[in-house]
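The values are calculated or read from the model by the stated rules, or taken from the named source; none is laboratory data. As the structure is a computational prediction, the values presented were derived from the model and not from experiment. Cβ placement follows ideal geometry from the backbone for every residue including glycine, while neighbour counts extend to all protein chains displayed. Just so you know, the surface numbers come from the protein's heavy atoms only, side chains and all, with ligands and any DNA or RNA stripped out. Shrake-Rupley method; radii C 1.70, N 1.55, O 1.52, S 1.80 Å.
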Amino acid sequence: MTTSDTHRAIDAVYRIESAKLIAGLTRIVRDVGLAEDLAQDALVAALEQWPESGIPDKPGAWLMATAKHRAIDLWRRNTRLERKHEELGREFEIQQKIAAIDLDAAIDDPVGDDLLRLMFICCHPVLSTDARVALTLRLLGGLTTEEIARAFLVPVPTIAQRIVRAKRTLTEARVPFEIPHGSDLAARLASVLEVIYLVFNEGYAATAGDAWMRPELCEEALRLGRILTGLLPKEPEVWGLVALMEIQASRLRARIDPSGEPILLLEQDRARWDQLLIRRGLAALARTEELSGALGPYALQAAIAACHSRARTPAETDWARIVALYDALAQIAPSPVVDLNRAVAVAMAFGPAAGLELVDALTSEPSLEGYHLLPSARGDLLTKLARFDEARAEFERAASMTRNTRERQLLLDRAAACARGSAAPLR
Amino acid sequence: MRFMVLVKANKDSEAGILPSTELLTAMGKFNQELAKAGVMLAGEGLHPSSKGVRVRFSGGKPTVIDGPFTETKELIAGFWLWEVKSMKEAIEWLKRAPFGGGAEVEIRQVFEADDFGPQFTPELRAQEERLRAQTAKRAKP
């Protein structure tokens, strides 16, 4: 093996091990920032030693043992410094602490509780949403600062600072490394799920830039979601979120044409949907249905997505069921966006005029001001009613609102088609 | 990226002898690790080739050849489908699998839409669409 070969292998090992490593170390040192530093130190040691010695049989255990020795060194050094100023009793206390560190337990965490604690701490409410996302991708996803910056089209120093600040905030707030209980669990879990879904969505429908989507982010979110189903197998909404992401991801290949232009759901080539992911999604949905009587918001969205997956052709779609599922969703998670989607489903189930009536009622909704999908949906329904002039104006308005270049072009094409008095854009 | 991990057959697997309880337990544990890490998409073991057939396409009509097939080392006894970030990561995972006794396991990258690039022509797309329409028609009662 050449050195660069070994380095690539070490990268791969680190990707597999880093989250577990940082989680185990955080339990020992009670500080996420310090834990990551120690893990990085171990990685540097591996980069120095493995090209000579070869990759050890149990690379995870090697990294953990190395990081732990660094931790003990650090403590000893601090102890020596403190000895000058303090009583011997203080040192005794620190010696006790070192003795209490259980190396083997730190490496071997069969239930994955440490990983779960790390997820909760990365998504802690003392952090801003941006910070939660960055920290989760860094510590749990094992992504580098550069990779996160590239994925979110943000300068590297911005992300680096965001991560540093987030770690400092956690330390200063003395956030405990624990799994929340009781009513706290629901709220904290909601934050974890939200962060994962945010990452997924940023990949699925990139809000800005040239690319319509960034599948690597979807893959990362899916991986985190799948890990979470193993850690909290009895939480229905965890399965609901995973079901939703699996099903949405099943359409990634079909969502763009060879030139990179987006293809809308009903126009997608369903033969290109990933049947494996659909099956996994439907299985996860079945799990959440087994676990809970009433479906949560993610599970309901997954159930809606599943209606499309089950239909072999757009015409076979069970729109009436979709409307009913949106009704349920509007009950537990009322939002104008849900109302808009429901209106579109109503149009499909009961005709464009019925849908348009509902969409029109939403045009005065202040929170939808600037939301490009509202004029876009309105334009679509007007087109179906052959009211092309009005439709064109709506598509143009929608185009002026989106920050995604590809999506803007799609909307402008539809506006141009309306100007010709036709529903279909030129291809 | 997706990788298919192909486990080759051996004399035992071809004779239909199931692995020892010990190996099954170890393999179960490994599968659990894969699932827990969000890596495993699918994984199955296959019956021996004596229960398989081959369909040969040459000349006019396809001919069916019944198993077993002799070239044991070329046969597949099972497979996984993994989603990881790189071939190196797939290798690192495979190294942790509880194989022994001269077993040989192959890792192959799965084509993704992007890999086809410009070769995925409009004609191919049209062909796929026809196929889809036919399948949909046939599926209807």
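A few remarks follow.
- Any hit, segment A:335-343, residues being buried (at least 19 other Cβ atoms within 10 Å of the Cβ), within 23 Å of the chain's Cα centre (by Cα) and among the hydrophobic types (A, V, I, L, M, F, W, C): yes
- Matching residues in segment A:165-184 - criterion: being in a helix (DSSP H, G or I) and either within 23 Å of A:ASP114 (Cβ to Cβ) or assigned by TED's automatic domain parsing to the domain that holds A:VAL29 (or both): A:ALA166, A:LYS167, A:ARG168, A:THR169, A:LEU170, A:THR171, A:GLU172, A:GLY182, A:ASP184
- The lone exception for A:ARG312 - which of (1) within 14 Å of chain B (Cβ to nearest Cβ); (2) part of a helix (DSSP H, G or I) it fails: (2)
- Scanning segment A:374-388 for residues that are crowded, with 17+ Cβ neighbours inside 10 Å and more than 17 Å from A:VAL344 (Cβ to Cβ) returns a single hit, A:PHE388.
- Of all the listed residues (A:ASP41, A:ASP73, A:ASP104, A:ASP5), the sole one being part of a helix (DSSP H, G or I) and at pLDDT 90 or above is A:ASP41.
- Taking the criterion of being surrounded by fewer than 19 Cβ atoms within 10 Å (Cβ to Cβ) and part of a loop (DSSP other than H, G, I, E, B), the residues of segment A:389-427 that qualify are A:ARG403, A:ARG420, A:GLY421, A:SER422, A:ALA423, A:ALA424, A:PRO425, A:LEU426, A:ARG427.
- Residue tally, condition more than 11 Å from chain B (Cβ to nearest Cβ) and either part of a helix (DSSP H, G or I) or of a type in the set (Gly, Ala, Ser) (or both), over segment A:246-269: 6
- So B:LEU81, is it part of a strand (DSSP E or B), in contact (Cβ under 8 Å) with a residue 60 or more places away in the chain and farther than 28 Å from A:ARG214 by Cβ: no
- Among residues of segment B:8-42 being within 30 Å of A:LEU21 (Cβ to Cβ) and open to solvent by less than 30 Å² (accessible area, probe 1.4 Å), the one that is nearest to the other protein chains (Cβ to nearest Cβ) is B:GLY38.
- Restricting segment A:192-203 to residues that are open to solvent by less than 10 Å² (accessible area, probe 1.4 Å) and either of a type in the set (Gly, Ala, Ser) or under 8 Å from the mean Cα position of the chain (by Cα) (or both) leaves a set whose member that is modelled with the lowest pLDDT is A:GLY203.
- Checking the stated criteria, B:GLY52 turns out not to satisfy the condition of being small (Gly, Ala, Ser), closer than 14 Å to B:LEU81 by Cβ and surrounded by 12 or more Cβ atoms within 10 Å (Cβ to Cβ).
- Output for segment A:315-341, where each listed residue is in a helix (DSSP H, G or I) and of a type in the set (Val, Ile, Thr): A:ILE322, A:VAL323, A:ILE332, A:VAL337, A:VAL338
- Lone qualifier among A:LEU381, A:LEU358, A:LEU412, A:LEU385 - being under 27 Å from A:ARG214 (Cβ atoms), free of Cβ contacts under 8 Å to residues at least 60 places away in the same chain and either in the same structural domain as A:GLU267 (by TED's automatic domain parsing) or not basic (Lys, Arg) (or both): A:LEU412
- Residues of segment A:128-157 that are surrounded by 14 or more Cβ atoms within 10 Å (Cβ to Cβ) and of a type outside the set (A, V, I, L, M): A:ASP130, A:ARG132, A:THR136, A:ARG138, A:GLY141, A:GLY142, A:THR144, A:THR145, A:GLU147, A:ARG150, A:PHE152.
- Output for segment A:211-225, where each listed residue is open to solvent by less than 10 Å² (accessible area, probe 1.4 Å) and either among the aliphatic types (A, V, I, L, M) or closer than 17 Å to A:LEU189 by Cα (or both): A:LEU217, A:ALA221, A:LEU222, A:LEU224, A:GLY225
- Whichever residue in segment B:56-100 is over 18 Å from the mean Cα position of the chain (by Cα) and of a type in the set (A, V, I, L, M) and, among such residues, is nearest to B:ILE17 (Cα to Cα): B:ILE65
- Failed item in (1) surrounded by 14 or more Cβ atoms within 10 Å (Cβ to Cβ); (2) outside any helix (DSSP H, G or I), with A:SER364 passing the rest: (1)
- When B:LEU131 is tested against (1) part of a helix (DSSP H, G or I); (2) farther than 27 Å from A:HIS7 by Cα; (3) at pLDDT 95 or above, just one condition goes unmet, and that condition is (3).
- Count of residues meeting criterion [away from chain B (no Cβ under 12 Å) and either in a loop (DSSP other than H, G, I, E, B) or open to solvent by 10 Å² or more (accessible area, probe 1.4 Å) (or both)] in segment A:233-245: 5
- Among the candidates A:ILE263, A:ILE278, residue that is touching a strand residue (DSSP E or B) at 6+ places or on another chain (Cβ under 7 Å) and of a type in the set (A, V, I, L, M): A:ILE263
- Answer residue from segment A:55-70, given it is free of Cβ contacts under 8 Å to residues at least 40 places away in the same chain and not in a helix (DSSP H, G or I) and is nearest to A:HIS124 (Cα to Cα) among those: A:LYS58
- Restricting attention to segment A:166-189, the residues being within 20 Å of A:GLY24 (Cα to Cα) and of a type in the set (A, V, I, L, M) number 4.
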